[in-house]
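> Handing you a structure now.
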Ligand code: NAP
Ligand code: ZN
């Protein structure tokens, strides 16, 4: 075991503060990663505030992790000391269920092991990326391509894969009209990726405040959802709508923007349930679906895709003592477009 510095919430809703945590000894198939950057995902905030239910404290959030391998166990074959690697939302899975066998570990029937706010196979709590070091099984790390800087790559480990996976699954590409709802951490990556896949991209944001940025990131059109005319003007327009909104939405209104046979895929994880009049699905044979992050193999594919297309995330690098202030800004939709912690300041 090694004691390392970290930032943790000592209790639900409490501000995060500097502390120390224990990392396990490097096992046969483990790598020790010196974390360089960790992104702040809205999911960190939901969990620190226990918005999704009871959580484990102290909590060290962080599942957008980019760093360098500094030690490799004797059985490690994929990585060597000095390699640039990333870790996302899970650090293990059962490896035996039908989904693990298909390479869809994010849907592991045993639930997998979350990078933080989870319990590992020994029943010990897991601690995430707001820390200087992490020990992880090599099979749950991915390689960060040389063309991507570690700070701009970190958010791809959650925001990138969570938008890439459904955009690929629902065939965003040339000839498809795709709308992205919410231009935050996930949303801005959704815009970049959908554009790179060749789709015609529309941003549906609460206001036009971030319109110039959205168009620069690759959107073809940008509408404010606080303008009632938006829902009249765009009725029946889209093949695919990807909602990244962290709060409950009027899904019926968004379903009205789909073409017949269109799909509204929700990746946002609001803390309260939503209600829906099912007639908004029946007329037009529409689909309302969800999607959760992506597999290890697909995360690697997404990183390579982003490197090939020459983009990472749009980031604001912060010191660890700015985490609590950054949380407030995320809650106020005032993030452009991902806060990334420089973990050398922990
Ligand atoms: P974020 O950076 O805060 O972005 C969310 C965006 O949603 C905001 O920037 C804002 O965009 C819009 N929004 C916020 N409140 C709204 C409201 N009341 N009504 C309408 N729009 C609103 O958050 P994020 O990190 O991208 O995460 C987004 C959600 O996805 C969170 O709930 C997170 O937990 C979840 N998530 C899910 C997965 C998954 O696997 N499914 C993975 C990661 C995260 P505008 O200002 O443009 O309107
Ligand atoms: Zn996340």
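The values are calculated or read from the model by the stated rules, or taken from the named source; none is laboratory data. Predicted, not measured: the structure shown is a model, and the values here were computed from it. Because the Cβ atoms are built from the backbone with ideal geometry, glycine has one as well, and the counts that use them run over all protein chains shown.
> Condition (residue is in the same structural domain as residue 80 (by TED's automatic domain parsing), more than 14 Å from ligand 2 (Cβ to nearest atom) and more than 29 Å from residue 73 (Cα to Cα)) applied to the stretch 36-49: is it met by at least one residue? Full working, then the answer.
Restricting attention to the stretch 36-49, the residues satisfying the condition of being in the same structural domain as residue 80 (by TED's automatic domain parsing) are 36-49.
Then drop every residue that is not more than 14 Å from ligand 2 (Cβ to nearest atom), which leaves 36-37, 49.
From what is left, the residues that are more than 29 Å from residue 73 (Cα to Cα) are 49.
The answer is yes, given that some residue of the stretch 36-49 is in the same structural domain as residue 80 (by TED's automatic domain parsing), more than 14 Å from ligand 2 (Cβ to nearest atom) and more than 29 Å from residue 73 (Cα to Cα).
> Something else about it: Scan 283, 310, 252 and give me the residue that is more than 21 Å from residue 65 (Cβ to Cβ) and modelled with pLDDT under 95.
Details: 310 fails: modelled with pLDDT under 95; 252 fails: modelled with pLDDT under 95.
Of 283, 310, 252, the one residue that is more than 21 Å from residue 65 (Cβ to Cβ) and modelled with pLDDT under 95 is 283.
> A further question follows. Checking the structure you have, find out if any residue of the stretch 112-133 is within 16 Å of ligand 2 (Cβ to nearest atom), in a helix (DSSP H, G or I) and over 24 Å from residue 183 (Cα atoms).
no
> Same structure again: Test residue 269 against the criterion of being surrounded by fewer than 20 Cβ atoms within 10 Å (Cβ to Cβ), assigned to a helix (DSSP H, G or I) and touching a helix residue (DSSP H, G or I) at 6+ places or on another chain (Cβ under 9 Å), and give yes or no. Quick ask: steps written out before the conclusion?
Values: surrounded by fewer than 20 Cβ atoms within 10 Å (Cβ to Cβ): yes; assigned to a helix (DSSP H, G or I): no; touching a helix residue (DSSP H, G or I) at 6+ places or on another chain (Cβ under 9 Å): yes.
When the stated conditions are applied, residue 269 does not pass them.
> Determine if the stretch 30-47 includes at least one residue that is surrounded by fewer than 23 Cβ atoms within 10 Å (Cβ to Cβ), part of a loop (DSSP other than H, G, I, E, B) and at negative phi.
No.
> Another one. From 53, 75, which residue is in a loop (DSSP other than H, G, I, E, B) and on the phi > 0 side of the Ramachandran plot? Walk me through how you get there before you give the answer.
On the way: 75 fails: on the phi > 0 side of the Ramachandran plot.
Of 53, 75, the one residue that is in a loop (DSSP other than H, G, I, E, B) and on the phi > 0 side of the Ramachandran plot is 53.
> Residue check: is residue 63 outside the structural domain of residue 271 (by TED's automatic domain parsing), within 16 Å of ligand 1 (Cβ to nearest atom), under 22 Å from the mean Cα position of the chain (by Cα) and part of a loop (DSSP other than H, G, I, E, B)? If you could, list the steps in order and put the result at the bottom.
Working: outside the structural domain of residue 271 (by TED's automatic domain parsing): yes; within 16 Å of ligand 1 (Cβ to nearest atom): yes; under 22 Å from the mean Cα position of the chain (by Cα): yes; part of a loop (DSSP other than H, G, I, E, B): yes.
Answer is yes for this residue.
> Can you report the number of residues in the stretch 225-245 which are within 16 Å of ligand 2 (Cβ to nearest atom) and either assigned to a strand (DSSP E or B) or farther than 13 Å from residue 180 by Cα (or both)? Outline the logic, then answer.
First pass over the stretch 225-245, keeping only residues within 16 Å of ligand 2 (Cβ to nearest atom): 242-245.
Now narrow it down to the ones that are either assigned to a strand (DSSP E or B) or farther than 13 Å from residue 180 by Cα (or both): 242-243.
Qualifying residue count, the stretch 225-245: 2.
> Taking residue 65, is it surrounded by fewer than 24 Cβ atoms within 10 Å (Cβ to Cβ), within 16 Å of ligand 2 (Cβ to nearest atom) and in contact (Cβ under 8 Å) with a residue 12 or more places away in the chain?
Details: surrounded by fewer than 24 Cβ atoms within 10 Å (Cβ to Cβ): no; within 16 Å of ligand 2 (Cβ to nearest atom): yes; in contact (Cβ under 8 Å) with a residue 12 or more places away in the chain: yes.
No; evaluated as a whole, the condition is false for this residue.
> Counting only residues that are in a loop (DSSP other than H, G, I, E, B) and either surrounded by fewer than 20 Cβ atoms within 10 Å (Cβ to Cβ) or free of Cβ contacts under 8 Å to residues at least 12 places away in the same chain (or both), how many does the stretch 78-100 have? Even if it seems obvious, please write down each step before you answer.
At the first step, the residues of the stretch 78-100 found to be in a loop (DSSP other than H, G, I, E, B) are 78-83, 88-89, 93-97.
From what is left, the residues that are either surrounded by fewer than 20 Cβ atoms within 10 Å (Cβ to Cβ) or free of Cβ contacts under 8 Å to residues at least 12 places away in the same chain (or both) are 78-83, 94-97.
Within the stretch 78-100, residues that are in a loop (DSSP other than H, G, I, E, B) and either surrounded by fewer than 20 Cβ atoms within 10 Å (Cβ to Cβ) or free of Cβ contacts under 8 Å to residues at least 12 places away in the same chain (or both) number 10.
> Residue by residue through the stretch 143-175, note down the ones that are surrounded by fewer than 24 Cβ atoms within 10 Å (Cβ to Cβ) and assigned by TED's automatic domain parsing to the domain that holds residue 45.
143, 145, 146, 147, 148, 149, 150, 151, 152
> If I filter the stretch 8-37 down to residues being in contact with a helix residue (DSSP H, G or I) (Cβ under 8 Å, 6 or more places away or on another chain) and closer than 16 Å to residue 140 by Cβ, which single residue comes out as nearest to ligand 1 (Cβ to nearest atom)?
The extreme case among them is 35.
> Related question: Return the total of residues in the stretch 1-29 being in contact with a strand residue (DSSP E or B) (Cβ under 6 Å, 6 or more places away or on another chain), outside any strand (DSSP E or B) and over 25 Å from residue 272 (Cα atoms).
4
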